[in-house]
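Note sheet for the following structure.
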Amino acid sequence: MTSRHDTAAPPAKGGAAPGRPPAGDAAEAERKRARLSRRWQRDMRWSPYAFISPFFLLFLAFGLFPLIYTGWASLHTVELTAPTDMTWVGLRNYTRIFDDEFFWNAARNTLTIGIISTVPQLLMAMGIAHILNYKLRGSTFYRVAMLAPYATSIAAASLVFVLLFGRDYGMINWVLNLVGIDNVDWQNEHWASQFAVSSIIIWRWTGYNALIYLAAMQAIPQDLYESAALDGASRWRQFVHVTLPSLRPTILFTVVVSTIGASQVFGEPLLFDANKGASGGSQHQFQTLGLYLYEQGWINQHLGRASAIAWTMFLILIVIGLVNSLISRRLRASS
Amino acid sequence: MRAARTRTARKAMVLAAVVSLGAGLLAGCADDGDDSGKSGGDSSGKTKISLGLFGAMGFKEAGLYTEYEKLHPDIKIEENVIERNENYYPALVNHLTTNSGLLDIQAIEVGNIAEVVETQAAKFTDMSKAEGVKPDAWLDWKWQQATTKDGATIGLGTDIGPMAVCYRKDLFEKAGLPTDREEVGKLWAGDWGKLVEAGEKYKKGAGKETSFMDSPGGLLNAILSSEEQRFYDTSGKVVYKDNPAVKAAFDLTAKAAKEGLVQSQTQFQPAWDQTISNNKFATVACPPWMLGYLKSKSQPDAAGKWDVAAPPKAGNWGGTFLGVPKSGKHVKEAEALVAWLTAPEQQAKLFAVQGSFPSAPGAYGMSQVTGAKNEMTGDAPIGEIFAKAASSIPTQVIGPKDQIMQQGLTDNGVILVTQGKSAKDAWETAVKTIDNNLEK
């Protein structure tokens, strides 16, 4: 196509025909020019589509098609062992979600794990960013160190955490024993297991959020702090009245991103499961929606049910997104 | 001038990057086609046969490929091993349903064989019609497991897992139980309830330091494996809830769990592994391959402290089949290789190297089996013990969703009793989980 472009270019400068030996008759040259010009027009018209097509083709193949196929599959009873053998069941896969206690249990877990992991994570990130914002020796080292967990693979981190949280030989229980607390069964108790799963998430994402806050803090003009100091504001008041308001858009961004992340939690609870399946603990105490979807689809091989769960999750996420944007619009209006 | 040069340099870089990425992509897409093209006979003119395996099947380690290649100079064997069956099997199902990406020979684990027989049998060749294959060379139940209702056999058995009970001689002695394997076997001959009674005796003598058995899941699995009917009846109906044998196995395990005779552990988890290396339990239901696992997790000083006793009732735990997908390019050659790999001689060699117990009784009289010893069990004649167990394994009714039900009863069931729940609550949790998982 690029070579076409070279031959097609001259007409734009007024045509190549005059430069040619006059032997050829004018009509021939005219036809040639018209052809070239047509080509050029076609090129101008269609090339841009060709240039952007790779994205759209990939999106069609790996984004839109699965989305639609999942929607179609969710209206059928389909097993993974025979994906082409579909039986139409209408909305049955959706209506049964209403009284599927495992689904709602997973939804509750997703919410509580989301809160236990996101709130402390963002608060800690803010504190760490504030400290790093002071002039420190070796600040680059601290920044890199903070980002290190983010660069670790979820699988590797989760497996290490499973050992740390072990009931009989785990390091955390060993430390607790030293201060006189009995062994905690981190994998089997409801809140303990949710806390343990959340701690993996917190460990992994705090540094990432802290860096985002730090970048935003460094963009706050210094003279704001100076004038606040002149007015006799303490450090704390400076933080509350200068830093926080300036960070509002950034905080909003991290809240949205963390909410999305929290609703998709999957790897940590999957690998924290002492069983080989994806039931999220022996009483499903830390099974998230993502994990339940995986269990239905890949372990139990119920493609139709899993698809319906996926679409329901999608709808729930849209609702959460709407609430999020509503709140943020309110916040923006009030500021 | 300089700016211009860096710009060209950058352009060149971008171009190079794009070209290499594109080439990579093309190569990635073309990979499939290339491979199948080549396998028609590579540059040396040999026929390439590929095996898709999981875990440590050990054909290569036992030198069987080299031996076969020597016998058949025109064949070249390649294997593609995925470590865990949990990862291997979903991919295999995908390849079977789409009929693409299958290798010439695919391994199937016993836990999945019923599902493959029921849903994917049409994709495999009938091995009973392959040259030189005689059904009576295998244990009958092993042969039946891979055979469809219409009589097509989709895979030949490699190994099986005849189950015995491994016990620690030193811990038994301390607890005041007999240590001779004959006497230990007599303690519980014929009745799993007696095994639990022996556990009660053990607990009185040994105290709290160690447990009688490794895990509730291990005990439940052992009992269920020795039953002819577990989760399905002969017509293929799910009956786990109404089968008295299942409920009895569950209740007996729950009783052992309530009395603290089993550890509150899940098998093959890191914490369970640690109880092996710390010598925390005295017995474990054990097929031959378990000895290898114990060895890999034990401290060196545990060698020779174990012994093997006959189980209350014989059962099978584990085993694999080799099947030949019809879509392969070299079905005939692949069938011949499978028949050779699963012949008694080769199974015996595999047992000597890998500890995978033969599924062909013809191998039981061979010196590799009769003379077998294991480092963990000292001079115990394990070959004879396991061969004896193998000959009394019942023909079990298996079904496609056995694993879901067994896992539900174990990981959402009996384990809860060790954590303080009542047997009734645990049963209800298990049933609720299983029913939800079975519902299509």
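FRET efficiency for the pair A:Leu317 and A:Ser227, taken as 1/(1 + (r/R0)^6) with r the Cβ-Cβ distance and R0 = 41 Å, rounds to 0.45. When the charge dipole of the protein assembly as shown is built from unit charges on Cβ atoms (+1 for Lys and Arg, -1 for Asp and Glu) and taken about the Cα centre, the candidate among A:Thr254, B:Gly371, A:Val160 whose Cα reaches farthest toward its positive end is A:Thr254. When each of B:Phe281, A:Phe55 is scored by the number of other beta-carbon atoms lying within 10 Å, the sequence from fewest to most is A:Phe55, B:Phe281. Springs between Cα atoms under 10 Å define the GNM used for chain B, and in it the highest mean-square fluctuation of B:Leu177, B:Leu291, B:Leu71 occurs at B:Leu71. Placing unit charges on the Cβ atoms of the charged side chains and taking the dipole of the stretch A:97-334 about its Cα centre, the candidate lying farthest along the positive direction among A:Val197, A:Ala125, A:Leu289 is A:Ala125. The modelled label-to-label distance between A:Trp104 and B:Ala189, using points 7 Å beyond Cα along the C-beta direction, is 5.6 nm. Within the shell of other residues whose beta carbon sits under 13 angstrom from the beta carbon of A:Asn105, the net charge comes to -2, with Lys and Arg scored +1 and Asp and Glu -1. Note on B:Glu118 and B:Glu182: with the Förster distance fixed at 35 Å, the Cβ-Cβ geometry gives a FRET efficiency of about 0.25.
Coordinate range of the alpha-carbon atoms in the stretch A:276-335 per principal axis, descending: 50, 24, 12 Å. Note on chain B: dipole from Cβ charges, positive end direction compared against B:Phe281, B:Tyr240, B:Ala360; the farthest Cα belongs to B:Phe281.
Take every pair of alpha-carbon atoms less than 8 Å apart whose residues are at least six positions apart; their mean separation over the length of the stretch B:248-394 yields a relative contact order of 25 percent. Projected label points at A:Ile131 and A:Val119, each 7 Å from Cα along the beta carbon direction, are separated by 2.2 nanometres.
Computed per residue of chain A from DSSP H runs no shorter than four, each worth -39500 (n - 2.57), the mean residue ellipticity at 222 nm is -22500 deg cm²/dmol. Taking the fewest neighbouring Cβ atoms within 10 Å as the starting point, the ordered list for A:Ser334, B:Ser327, A:Ser117, A:Ser227 is A:Ser334, A:Ser227, B:Ser327, A:Ser117. Convex hull volume of the Cα atoms of the protein assembly as shown, normalised per residue: 276 Å³. Principal axis extents of the C-alpha atoms in chain A (largest first, rounded to whole Å): 105, 72, 41.
For the stretch B:389-440 and the stretch A:193-213, write down the distance between their C-alpha centroids in whole Å. If we compute the Cα centre of each part, the gap is 36 Å. Among B:Ala254, B:Ala189, B:Ala343, which one moves the most in a GNM of chain B with springs linking Cα atoms closer than 10 Å? Most flexible of the set in this elastic network: B:Ala189.
The alpha carbon convex hull volume per residue for the stretch B:129-176 rounds to 115 Å³.
For B:Trp317, the amide hydrogen comes within under 5 Å of the amide hydrogens of B:Gly161, B:Met163, counting only partners 5 or more places away or on other chains and with H modelled in the peptide plane. Less than 5 angstrom separates the built amide H of B:Cys286 from those of B:Ala164, B:Val165, B:Cys166, all sequence-distant by 5 or more or on a different chain.
Between A:Leu111 and B:Ser277, the modelled labels are 4.3 nm apart [label points 7 Å from Cα along Cα→Cβ]. Of the residues A:Glu226, B:Glu375, the one with the fewest other Cβ atoms within 10 Å heads the list, and the complete ranking is A:Glu226, B:Glu375.
Return the tail of the calculated pair distribution for the stretch A:173-313, meaning the percent of Cα-Cα pairs more than 26 Å apart. I get 49 percent for the Cα pairs in the stretch A:173-313 exceeding 26 Å.
Taking a point 7 angstrom from the Cα of A:Leu244 along the C-beta vector, which residues in the stretch A:129-146 have backbone N less than 20 Å away? Backbone N within reach: A:129-134. Here is the list for the stretch B:229-338: GluC sites (Glu not before Pro) lying in DSSP coil, each with at most 15 other C-beta atoms within 10 angstrom of its C-beta, are B:Glu259. For the cross-link pairs B:Lys194/B:Lys237; B:Lys201/B:Lys388; B:Lys208/B:Lys313; B:Lys76/B:Lys332; B:Lys326/B:Lys440, the ones whose C-alpha atoms lie over 20 Å apart are B:Lys194/B:Lys237; B:Lys201/B:Lys388; B:Lys208/B:Lys313; B:Lys326/B:Lys440.
Basic side chains Lys and Arg get +1 at the Cβ, acidic Asp and Glu get -1 at the Cβ, and with that the dipole of the protein assembly as shown about its Cα centre reaches some 3800 debye. Taking every DSSP bridge with both residues inside chain B, close to 60 percent are antiparallel.
Working note: Karplus 6.51/-1.76/1.60 with θ = phi - 60° gives the stretch B:247-252 the couplings 4, 5, 4, 5, 5, 5 Hz, where Gly and Pro are set to x. Near B:Ser211, the amide H atoms lying under 5 Å from its own belong to B:Phe281, B:Ala282; only residues 5 or more places off or on other chains count, and H is placed 1.01 Å from N. Look at where the Cα atoms of the stretch A:269-335 and of the stretch B:66-132 average out, and the two centres are 35 Å apart. Within straight-line reach of B:Lys174, meaning a Cα separation under 12 Å, sit the following aspartates and glutamates at least 8 residues removed in sequence or on another chain: B:Glu209.
Using the Cβ-Cβ distance between B:Asn99 and B:Lys134 with R0 set to 41 Å, the FRET efficiency from 1/(1 + (r/R0)^6) comes to roughly 0.85. Evaluated with a Cβ-only charge set (Lys, Arg +1; Asp, Glu -1), chain A carries a dipole of roughly 1800 debye about its Cα centre, given to the nearest 20. Counting only DSSP beta bridges whose two residues both lie in the protein assembly as shown, roughly 65 percent are antiparallel. For the stretch B:238-352, a crude dipole built from +1 on the beta carbon of Lys and Arg and -1 on the beta carbon of Asp and Glu, taken about the Cα centre, is about 180 debye to the nearest 20.
When only Cα pairs below 8 angstrom with a gap of at least 6 residues are kept, chain A shows a relative contact order of 24 percent.
Computed over Cα pairs, the Kirkwood radius of chain B leads via Stokes-Einstein (1.306 mPa s, 10 °C) to a diffusion coefficient of 67 µm² per second. Among B:Thr429, B:Thr283, B:Thr234, whose mean-square fluctuation peaks in a Gaussian network model of chain B (Cα, cutoff 10 Å)? Among B:Thr429, B:Thr283, B:Thr234, the largest GNM mean-square fluctuation belongs to B:Thr234. For chain B, relative contact order (Cα pairs under 8 Å, six or more residues apart, normalised by length) works out to 22 percent.
Read the figures in this text as sums done on the coordinates, not as results from a lab. Since we're looking at a predicted model, the values are computed, not measured. We place every Cβ from the backbone using ideal geometry, glycine too, and count neighbours over all the protein chains shown.
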